[in-house]
1. Per Stokes-Einstein, at 10 °C and 1.306 mPa s, what whole-number D in µm² s⁻¹ belongs to the stretch 17-113, with the Kirkwood radius over Cα pairs as the hydrodynamic radius?
2. I need to check one value: relative contact order of the chain, counting alpha carbon pairs closer than 8 Å and at least 6 residues apart, in percent.
3. Kindly express, to the nearest 10 degrees and within the range 0 to 90, the angle between helix 57-69's C-alpha long axis and the longest C-alpha principal axis of the chain.
4. So how tilted is helix 30-39 from the main axis of the chain? Cα-based, degrees 0 to 90, rounded to 10.
5. Highest first, please rank the peptides 72-81, 10-19 by the mean number of other Cβ atoms sitting within 10 Å of their residues.
């Protein structure tokens, strides 16, 4: 486990609680969750992401702009094409844990326990 992922260091009085609330608000969108999941394997173009999440490139670009503002993703430009990647593993872990929690609300024996 990385030193920066030890949960015992995070206390209820942390100065980052309010910012964490903003992170949850940012991720409270199905398209953004799908984008994070799509990017877990590496860098993708806007058009490729649009195909994966079944949205228009314009819509995906708007979502990516918000994720970029929050420093969840980084961008690399190659000519007139933009390629996005996750800044770090934290967003994927957060989204994955949310999906696992969602499985508990639907399934008696969630697949991630198998």
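Every number in this text was worked out from the coordinates using simple rules, so none of it is lab data. Everything quoted here is computed from the prediction, not taken from an experiment. Neighbour counts run over all protein chains shown; Cβ positions are idealised from the backbone, glycine included.
1. 113
2. Taking the mean separation of contacting Cα pairs over the length of the chain, I get 22 percent.
3. 50
4. Here the helix axis deviates by roughly 80 degrees.
5. 72-81, 10-19
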